[in-house]
Structures are given as C-alpha cells and as structure tokens.
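First the structure, in the form of structure tokens, and then the observations on it.
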Amino acid sequence: MTFATVEAMVDAARADLVRLTPQQAQHEVRAGALLVDIRPEWQRSADREIPGAIVIERNHLEWRLHPRSDARLPMASADARWIVYC
C-alpha cells in the first residue's frame, strides 16, 4: 500500500488500535491481558515503573513477542492479549 503522506500512513496504522483508559487497562489485566511497558529505562526511572508490567524496550518488542522468534519471551503466544504502554 502506498500513502501520500506520513500522516496518512500513521492514520492508517492507528485505525486498528484500541486505546484504553487506565481503568480499562486495569480491567483487561485482571481478566488476563499482559501489560508491556516499552518506555526506555531513563523514562521508567523518571516516571516510575508500572507494578506488574513486563518491560520490553521498544527496539526489542517484535522479536521478544513474536511467537516464532528464537528470542521470544515464554508467555509470547499468538492468542495472548497484550496492552502496550508507551
């Protein structure tokens, strides 16, 4: 697919995202979703870590969560529900 602008490409990518409120995210985690915090270490240190979140910095996200990656985390599976915090 070709896009006329970067903004159009970002809009298309965001069209399939579901944005949750903190309360909705908390409800989803209680129902079994996994929360992954992709912020860099300096930001987690400055703003505090999220208790119970799985920390995977953004530049490692795809290969740590892809079910067929040799470097995947044990809980990475195609049927897992992930909430990404950035």
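Summary table below
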item	result
Within the range 70-80, tally of residues that are more than 13 Å from Val36 (Cβ to Cβ), surrounded by 10 or more Cβ atoms within 10 Å (Cβ to Cβ) and at pLDDT 90 or above	1
Top-ranked residue of the range 54-68 - restricted to ones that are assigned to a helix (DSSP H, G or I) and touching a residue at least 12 places away in the same chain (Cβ under 8 Å), ranked as nearest to Ala80 (Cα to Cα)	Leu65
Pro51 vs. criteria outside any helix (DSSP H, G or I) and open to solvent by less than 80 Å² (accessible area, probe 1.4 Å)	no
Residue satisfying condition, being in contact with a Phe, Trp or Tyr (Cβ under 9 Å, 6 or more places away or on another chain), among the aliphatic types (A, V, I, L, M) and open to solvent by less than 80 Å² (accessible area, probe 1.4 Å), within set Leu20, Leu65, Leu61	Leu65
Selection status of Ile83, surrounded by 13 or more Cβ atoms within 10 Å (Cβ to Cβ) and in contact (Cβ under 8 Å) with a residue 24 or more places away in the chain	yes
Pair list, Cβ under 8 Å, 6 or more apart: the range 10-30 residue farther than 17 Å from Ala80 by Cβ, other residue open to solvent by 100 Å² or more (accessible area, probe 1.4 Å)	Ala12/Met1
Qualifying residue in the range 28-47 (condition: more than 19 Å from Ala78 (Cβ to Cβ), among the acidic types (Asp, Glu), open to solvent by 50 Å² or more (accessible area, probe 1.4 Å) and not in a helix (DSSP H, G or I))	no
Where Ala78 falls short, out of the listed (1) of a type in the set (A, V, I, L, M, F, W, C); (2) assigned to a helix (DSSP H, G or I); (3) free of Cβ contacts under 8 Å to residues at least 12 places away in the same chain	(2)
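The values are calculated or read from the model by the stated rules, or taken from the named source; none is laboratory data. Treat the numbers as computed from the prediction; the structure is a model and nothing was measured. Heads up, the Cβs are rebuilt from the backbone with ideal geometry, glycines too, and the neighbour counts pull from every protein chain shown. Only protein heavy atoms, including side chains, enter the accessible area calculation; ligands, DNA and RNA are left aside. Shrake-Rupley method; radii C 1.70, N 1.55, O 1.52, S 1.80 Å.
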